[in-house]
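First the structure, in the form of structure tokens, and then the observations on it.
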Amino acid sequence: MKIIKTGMAGSLESSDVLITVDSNTGKGRNISLESTVKRQYGKQILKVVEHTLDLLEISDVTVRLEDKGALDCTIRSRLEAAVYRAAGSETYPWESLT
Amino acid sequence: MKMNKNSIGREIPEKIGKLKLSPFEGAFAHTPLVRQDKGNRRLPRLNKLVDTIEQAVLKSELKDGMTISFHHHFRAGDYVLNMVMDVISNLGIKDITLASSSLTTVHDELIPHIKKGTVTHIITSGMRGKLAEFISAGHMEEPVLFHSHGGRARAVEEGEIKIDVAFLGVPSCDVYGNANGYTGPSACGSLGYAKVDAKYADKVVLLTDYLAEYPNTPFSIDQDMVDYIVKVDAVGDPEKISTGATRITRNPRDLLIAQNAADFIAASPYFEDGFSLQTGSGGASLATTRYLTEYMEARNIKASWALGGITGQIVKMHEAGLIKKLLDVQSFDREAIRSIGENRLHTEIDASYYANPLNKGCAVNKLNVVILSALEIDLDFNVNVLTGSDGVIMGASGGHSDTAVGSGLSVIVAPLIRGRTSTVTKRALSVVTPGESVDVFVSDRGIAINPRRKDLIEHFCDVRLPFHTMEELLDKAERLVGRPDPIEFTDKVVGLIEYRDGTIIDVVRQVKGLE
């Protein structure tokens, strides 16, 4: 999948995460994380992001996460939605990932 | 027998047996506060008013290294502490120990006074906001001492905290110092924490924005304890001192916690006619009281008294005849403030009466049921109400440990997880209340009785409620949120958590990498 525009998903509500996905052509993955639980779960959140991007086969991308304590399942779904939006995808193969 | 002539010419024996007698020397000789100008009707009425806070500070003879105190009845609306600290700082006084009954978000303004060296020690029940982050980041040399409300009263009465000057904001007082908390625009209700300071401080300065006619009865602080009075424009922001009637939460999770807690309490042996209770002001705690009311009405059970932080909801139950009497150390909202001013059975008590463990009998000892909150509770039932899951100070000890140990049944209510943070942890980051005084933890996802309470476990063996062990609740939480990385601390101790008897139950350390 190729990122062609900015895609966003999520919110800044407690227990949610706002994810913004952008292109980063030829420059790999650029992931930035702000989180209310960064000290406790920062590594785990980045692991989920990397893993989800692997499954989506995205290698060049900018991802910005503003996390308000979202669970892993929420982070995964918000990221998928943001990526599909950023790729201009018309179909959402949700189940193929899980 | 050797005789002395006194000032009115009478012969007074120098000694009677071993008792040495002092001859009378005149009506004014040894009572400097009595007016010396009897009969001069043109002099202003006797009063203790001084024009400015600065004059009051100077007259109080506050010096470097002394201890000053404040109360926190004005909560987040308090102007007094910041006003007085600015004056003290401008006068160049240094090395002050600040012993406030607690500190709130408005007290971020203390940071420059700490940096400047005006304040070098802090003793408080808790702190929040930027000040708490500043302390957690290790910017203060000496650790902050955190006490419980009862522990503070004990320390003040025993002289462990020796208050040189108490600066007490009062909603109303007269020119001679009779003050109460329920008259005037900045009414805050009970002055329970201020009363202890007024009694034990060397010098007492009152600040008020409402001068009442003498005598300002009924009074909570008596004229015979007061040195100086300053009239200021406002002691606080009424909007932030008290809120309107707290509405019952509609948050379904809080309601579920409350239903579980009320079901548990109603099925416990403590729920009987004439029982006593204390509740908090948090969403789940207020809702628990609501559900408990339904049980009380259905079973025709009345409480004999309620203690604590009194809320409008408790007042409502009192006025409906469900609770006979109220003992109030701190009034949480406008309804409670109104009630303490007009209701004889709503009685103001001071912090020592409330919870001092070493006086001859404090009210928490007679409490049957208390409902308390928690930031964290661990597998040993130790409770943290002081530091957040990131290790940063964000709360207060309050009456938590006092009521937990004093009551027959201490019920901790909290959601099992908040955001991505589990309330149940293997080991609480900091301990305010020891697990041996905690009886049950009630969450939205289950109830855990402390295994120490074998009597309760036996009592509930036939009751169908969502019982779990604390280990099972931890497991439930971790399956949802994962296992957190441990917070990294440095070796520097930034806070000492004092148990109510004066011993240190835990320390708070500097959070690594916090600016």
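The values are calculated or read from the model by the stated rules, or taken from the named source; none is laboratory data. This structure is a prediction, so every number in the text was calculated from the model and none was measured. Neighbour counts are summed over all protein chains in view; Cβ atoms, including those assigned to glycine, are modelled from backbone coordinates with ideal geometry.
Descriptive notes on the structure:
- In the range B:351-380, residue surrounded by the most Cβ atoms within 10 Å (Cβ to Cβ) [restricted to those that are touching a strand residue (DSSP E or B) at 6+ places or on another chain (Cβ under 7 Å) and part of a loop (DSSP other than H, G, I, E, B)]: B:Leu367
- Residue in the range B:200-213 that is of a type in the set (Lys, Arg), crowded, with 18+ Cβ neighbours inside 10 Å and not in a loop (DSSP other than H, G, I, E, B) present: yes
- Selection count where residues are farther than 17 Å from B:Gln55 by Cβ and surrounded by fewer than 24 Cβ atoms within 10 Å (Cβ to Cβ), scope the range B:221-240: 9
- Enumeration of residues in the range A:60-73 that are within 13 Å of chain B (Cβ to nearest Cβ) and surrounded by fewer than 18 Cβ atoms within 10 Å (Cβ to Cβ): A:Cys73
- Those residues of the range B:106-121 which are touching a Leu at 6+ places or on another chain (Cβ under 8 Å) and hydroxyl-bearing (Ser, Thr, Tyr), in sequence order: none
To keep it simple, each residue is scored yes or no on (1) among the aliphatic types (A, V, I, L, M); (2) assigned by TED's automatic domain parsing to the domain that holds B:Ser352; (3) farther than 30 Å from B:Ile310 by Cα.
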| site | (1), (2), (3) |
| --- | --- |
| B:Ser407 | no, yes, no |
| B:Val413 | yes, yes, no |
| B:Lys426 | no, yes, yes |
| B:Val442 | yes, yes, no |
| B:Asp455 | no, yes, yes |
| B:Lys476 | no, yes, yes |
| B:Asp501 | no, no, no |
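- Criterion violated by B:Lys302 - all others in (1) charged (D, E, K, R); (2) free of Cβ contacts under 8 Å to residues at least 60 places away in the same chain; (3) within 29 Å of B:Lys199 (Cβ to Cβ) satisfied: (3)
- Close Cβ contacts (under 8 Å, 6 or more residues apart or on different chains) running from residues in the range B:1-30 that are without any contact (Cβ under 8 Å) to a residue 24 or more places away in the chain to residues that are among the β-branched types (Val, Ile, Thr) and not in a strand (DSSP E or B) comprise B:Phe24/B:Ile8; B:Ala27/B:Val34; B:Phe28/B:Val34.
Condition check ((1) modelled with pLDDT of 95 or more; (2) touching a strand residue (DSSP E or B) at 6+ places or on another chain (Cβ under 7 Å)) across all residues:
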| site | (1), (2) |
| --- | --- |
| B:Ala396 | yes, yes |
| B:Ser407 | yes, yes |
| B:Pro415 | yes, yes |
| B:Arg418 | no, no |
| B:Thr423 | yes, yes |
| B:Arg453 | yes, no |
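- Among residues of the range B:469-504, those that are β-branched (Val, Ile, Thr), in a strand (DSSP E or B) and touching a helix residue (DSSP H, G or I) at 6+ places or on another chain (Cβ under 8 Å), counted: 1
- Any hit, the range B:181-196, residues being among the charged types (D, E, K, R), in a helix (DSSP H, G or I), surrounded by fewer than 24 Cβ atoms within 10 Å (Cβ to Cβ) and within 16 Å of the chain's Cα centre (by Cα): no
- In this structure, A:Ser11 qualifies as within 14 Å of another protein chain (Cβ to nearest Cβ), over 13 Å from B:Gly419 (Cβ atoms) and of a type in the set (S, T, N, Q).
- The set of residues from the range B:419-444 being hydroxyl-bearing (Ser, Thr, Tyr), under 21 Å from B:Ser285 (Cβ atoms) and more than 14 Å from every other protein chain (Cβ to nearest Cβ) comprises B:Thr433, B:Ser437, B:Ser443.
- Helices (runs of 4 or more DSSP H) completely within the range B:84-169 that count 1 or more residues being of a type in the set (Val, Ile, Thr) and surrounded by fewer than 22 Cβ atoms within 10 Å (Cβ to Cβ): B:110-116
- Evaluation of A:Cys73 against (1) within 14 Å of the chain's Cα centre (by Cα); (2) in contact (Cβ under 8 Å) with a residue 24 or more places away in the chain; (3) farther than 26 Å from B:Lys512 by Cβ (one fails), failing number: (2)
- Of all the residues in the range B:397-421, those that are surrounded by fewer than 24 Cβ atoms within 10 Å (Cβ to Cβ) and assigned to a strand (DSSP E or B) number 4.
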